[in-house]
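K.L.:
Have a look at this one.
The values are calculated or read from the model by the stated rules, or taken from the named source; none is laboratory data. Predicted model, so just to flag it, every value in this text is computed and none were measured. Cβ sites come from the backbone with ideal geometry, for glycine too, and all protein chains shown count toward neighbours. The accessibility values were calculated without ligands, DNA or RNA, using every heavy atom of the protein model including side chains. Shrake-Rupley method; radii C 1.70, N 1.55, O 1.52, S 1.80 Å.
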Amino acid sequence: MRSENGADEKKRSFIEEARRAQIVSCAIDAIAEEGYVQTSLAKIAQRAGISKGVISYHFAGKEELIIQVAAQVVANGEAHVRSRVESAPDATSKLSAFIESNLEFLGANRNQLLALAQIAAYARYAVPDITGADIMLSAMERVIEMGQCAGQFREVNRRLVATSIRAAMDAVAELLISDPDLDLGQYARDLCDLFLAAIRKT
């Protein structure tokens, strides 16, 4: 009997997680297409084909849902970047992977970008710290240090370079919002050339 109850609990947990993911996905699309201010729980529920009460069952309110949306977008981006960087063979290619995969994610996930921008503008409380001493910034510093130890990069202020790369990539998000036809592939290559030229050991 206990094993059957355990299976039922796992099934309910799986279903609940799937429902939460559906709600978050619909919230992302609603915020991206209609704007944060115009997005209500009722509109999100309509997109998901559920009642507003179902959202209230999974989330305490709009604030909790928005926090989850922002966290999910950031987590998605970090996971995409991490997989590319970890598979790169050396410091030079890892630093290029940081830049290229970030811009690749922005281009492939426009609604997530737009939703996060709306949340940052109107619900700043919900946005994780993605501009300060975050995990990605520290990871970039380690890659630069790796390149210095390997003789690929010259001695530079690692925090300054990592912060500058982070700021340059964040600026691309704003450019993409205003110019959907921006050639992200070329832009990424130009950024890679710029920063690698600045730190490569000659």
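K.L.:
Of all residues in region 174-189 being hydrophobic (A, V, I, L, M, F, W, C) and at pLDDT 85 or above, which is farthest from the chain's Cα centre (by Cα)? I'd like the intermediate steps shown before the answer.
P.N.:
Within region 174-189, the first condition is being hydrophobic (A, V, I, L, M, F, W, C), and the residues that meet it are 175-177, 182, 184, 188.
Subsequent filtering for residues that are at pLDDT 85 or above retains 175, 182, 184, 188.
On the way: LEU175: 16, LEU182: 19, LEU184: 16, ALA188: 17 Å.
In this case the residue turns out to be LEU182.
K.L.:
Still on this model: Return the total of residues in region 68-92 being modelled with pLDDT of 95 or more, surrounded by fewer than 18 Cβ atoms within 10 Å (Cβ to Cβ) and of a type in the set (A, V, I, L, M, F, W, C).
P.N.:
1
K.L.:
Of all residues in region 171-202, count the ones that are in contact with a helix residue (DSSP H, G or I) (Cβ under 9 Å, 6 or more places away or on another chain) and either of a type in the set (S, T, N, Q) or under 19 Å from ALA121 (Cα atoms) (or both). So that I can check it myself, show each step before the final result.
P.N.:
Our first condition is that a residue be in contact with a helix residue (DSSP H, G or I) (Cβ under 9 Å, 6 or more places away or on another chain); within region 171-202, this holds for 172-177, 180, 182, 184-185, 187-189, 191-192, 194-196, 198-201.
When the remaining residues are screened for being either of a type in the set (S, T, N, Q) or under 19 Å from ALA121 (Cα atoms) (or both), the result is 172-177.
The total comes to 6.
K.L.:
Of all residues in region 149-184 being free of Cβ contacts under 8 Å to residues at least 12 places away in the same chain and open to solvent by less than 50 Å² (accessible area, probe 1.4 Å), which is farthest from VAL74 (Cα to Cα)?
P.N.:
Ranking the candidates gives LEU182 first.
K.L.:
Return the only residue of LEU65, LEU103, LEU137, LEU95 being in contact with a Cys (Cβ under 8 Å, 6 or more places away or on another chain), part of a helix (DSSP H, G or I) and open to solvent by less than 20 Å² (accessible area, probe 1.4 Å).
P.N.:
On the way: LEU65 fails: in contact with a Cys (Cβ under 8 Å, 6 or more places away or on another chain); LEU103 fails: in contact with a Cys (Cβ under 8 Å, 6 or more places away or on another chain); LEU137 fails: in contact with a Cys (Cβ under 8 Å, 6 or more places away or on another chain).
It is LEU95.
K.L.:
Also, I was wondering about something else. Taking region 72-92 as the region of interest, how many residues are over 14 Å from the mean Cα position of the chain (by Cα), assigned to a helix (DSSP H, G or I) and either touching a residue at least 24 places away in the same chain (Cβ under 8 Å) or over 17 Å from ILE144 (Cα atoms) (or both)?
P.N.:
Number satisfying all stated conditions: 3.
K.L.:
Search region 21-51 for residues being modelled with pLDDT of 95 or more and of a type in the set (D, E, K, R), and hand back the single one that is most open to solvent (accessible area, probe 1.4 Å).
P.N.:
It comes out as ARG47.
K.L.:
Please enumerate the residues belonging to region 35-62 that are outside any helix (DSSP H, G or I), free of Cβ contacts under 8 Å to residues at least 60 places away in the same chain and among the hydrophobic types (A, V, I, L, M, F, W, C).
P.N.:
ILE50, PHE59, ALA60
K.L.:
Any chance region 113-130 includes a residue that's surrounded by 16 or more Cβ atoms within 10 Å (Cβ to Cβ), among the polar types (S, T, N, Q) and in a loop (DSSP other than H, G, I, E, B)?
P.N.:
No: region 113-130 contains no residue that is surrounded by 16 or more Cβ atoms within 10 Å (Cβ to Cβ), among the polar types (S, T, N, Q) and in a loop (DSSP other than H, G, I, E, B).
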